[in-house]
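Working notes for the structure below.
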Amino acid sequence: MDKRIGARTVRLSCPPAVLGFAAVGGRMEGAGPLGDFFDEIGEDHFWGQKTWEQGESTMQRHALNKALEKATLREGDLDYVLAGDLLNQCIGSSFALRGSGAPFYGLYGACSTMGEALSLAALLIDGGFARRAAALTSSHFCTAERQYRAPVPYGSQRAPTAQWTATAAGCCILGAEGDGPYVTHVTAGKIVDLGIDDANNMGAAMAPAAYDTLSAVLRDTHTLPKDYDLIVTGDLGKLGHDIVVDFFARDGIDIAPQYDDCALLLFDRAEQDMHCGGSGCGCSAAVLCAHLLRGMREKHWNRVLFAPTGALLSPTSTAQGESIPGICHAVILSNTREG
């Protein structure tokens, strides 16, 4: 049976159900608009460890454990854990899971990693290759700053277009059976690079990829923005969000009434001085697991198009003057099994 519709979208015939989800965050995230919805807020940036990197791995463990607890599952019930982060060689994820014994796929999609993990977990379950799988991602302000820009103690000034890397982790467990919400469609992203080379302007670098993938979803599924209760990208920030709205306006499509971005939902930009908003693998993962899935369970929304975006750069590529490729992976979440 051919499950593909259009050029890039898969309609799942047995849509996997969300069994459990959890989000943990740092103090800044706890002080933001979604703070009350987190399952745990850390007391310090180290999460009781000796280094920030160890602290990030601890966040992932806590998010996974809490999601398992809420789903009344054990680690041994998982056929796969698909996890990623921003650190070199994905050490945030591999060190978090090195003692778990769970089959593990390490992923890197930058800030799009939760979309990538959810997509692959859903495809594995719909294809009959897994019964249950966890999608897990994290980021940490201090580890990301040290790797991509300058160590936090340097006190470097941030550009107006800069975003604040979230100290957060999110975990979503999917299963072949359950009450939902369900992952009904998956649209894989394509690498899009329009030549932006400013590492402090991620929103502009990623916005073309978001527009490309969202356009593919609407085209392949023959839907309009009004067919969704929410369309959420992440993490484009204020500038990238406005670029996407402008791109669709040029096509004669008004996406604004349904459209928001995780970078704008996680923090209060004015009160918390976040410039263009949040970023990092943990930003979209935390917004999904603390806010979007909770809202769907409570019937605030019935159909959500979740499309995290990622900037596929490294410190080496930036130092060599390379431009910043972007990518965006999308899933449709629904309270009904549309397949």
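Readers should treat all values here as calculations from the given coordinates under stated rules, not as data from a laboratory. Source: prediction; values computed, not measured. When we count neighbours, we look across all protein chains shown, and the Cβ atoms used for this are built from the backbone with ideal geometry, even at glycine.
Around D193, with a cut-off of 12 angstrom between Cβ atoms, what is the net charge of the other residues, counting Lys and Arg +1 and Asp and Glu -1? Its environment carries a net charge of -2.
For a distance above 24 Å, tell me the whole-number percent of Cα pairs in the range 182-334 that qualify.
Working: 3343 of 11628 pairs.
Beyond 24 Å sits 29 percent of the P(r) for the range 182-334.
Between R131 and R297, the simple label model (points 7 Å from Cα in the Cβ direction) yields a spacing of 2.2 nm. The residues packed around T184, meaning those with a beta-carbon under 9 Å from its beta-carbon, carry a net charge of +2 if Lys and Arg are +1 and Asp and Glu are -1. Mark the label point 7 Å from the Cα of N65 along Cα→Cβ and return the residues of the range 6-42 whose backbone N is within less than 16 Å of it. Label zone hits: 22-25, 39-42. In the range 182-334, a dipole from Cβ-located charges (positive for Lys and Arg, negative for Asp and Glu) runs towards its positive end, and of N200, T184, A285 it is T184 whose Cα lies farthest in that direction. Length gained on full extension, D254 to K3: 87.4 nm, using 0.36 nm per residue less the C-alpha separation. Compared with the alpha-carbon gap, the fully stretched path from A270 to R74 is longer by 66.4 nm at 0.36 nm per residue.
Neighbours of G237, meaning other residues whose beta-carbon lies under 10 angstrom from its beta-carbon, give a summed charge of -1 when Lys and Arg score +1 and Asp and Glu score -1.
Each of H45, A31, I91 was scored by the projection of its Cα onto the charge dipole of the range 1-151, and the greatest displacement toward the positive side belongs to I91; charges sit on the C-beta of Lys, Arg, Asp and Glu. Just checking the listed ones, A121, A110, A31: in the Gaussian network model of the chain with Cα springs under 10 Å, the one fluctuating most is A31. Counted over all Cα-Cα pairs of the chain, pairs farther apart than 34 Å make up 16 percent.
The trypsin sites (Lys or Arg not before Pro) of the range 1-60 that meet both conditions, a loop assignment by DSSP and at most 16 other Cβ atoms within 10 Å of the site Cβ, are K3, K50. Taking the centroid of alpha carbons for each part, the range 257-299 and the range 325-339 are 17 Å apart.
For the chain, modelled as a GNM whose springs connect Cα atoms under 10 angstrom apart, the maximal fluctuation among T223, T187, T137 occurs at T223.
On full extension of the chain, what length is gained from E177 through N88, given 0.36 nm per residue of separation minus the C-alpha to C-alpha distance? Please report the intermediate quantities before stating the final value.
Working: separation 89, 0.36 × 89 = 32.04 nm, distance 3.54 nm.
Length difference between fully extended and current span is 28.5 nm.
Considering only G326, G30, G234, the Gaussian network model of the chain with Cα springs below 10 Å gives its largest mean-square fluctuation to G30.
So which GluC sites (Glu not before Pro) in the range 282-339 are both in a DSSP loop and have at most 12 other Cβ atoms within 10 Å of their Cβ? All intermediate terms of the calculation are to be shown ahead of the outcome.
Details: sites: E298, E322, E338; in loops: E298, E322, E338.
Within the range 282-339, the qualifying GluC sites (Glu not before Pro) (loop, at most 12 other Cβ atoms within 10 Å) are E298.
For L288, L313, L194, the sequence from fewest to most other C-beta atoms within 10 Å is L194, L313, L288. The distance from the alpha carbon centre of the range 23-65 to that of the range 168-192 is 22 Å, rounded to a whole number.
In deg cm²/dmol and to the nearest 500, what is the mean residue ellipticity at 222 nm of the chain if only DSSP H runs of at least 4 residues count, each as -39500 (n - 2.57), divided by the residue total? Before the final figure, lay out each step's value.
Numbers: 12 runs with 112 residues, N = 339.
Per the formula, -9500 deg cm²/dmol.
Within the chain, antiparallel bridges make up roughly 60 percent of the DSSP beta bridges whose residues both belong there.
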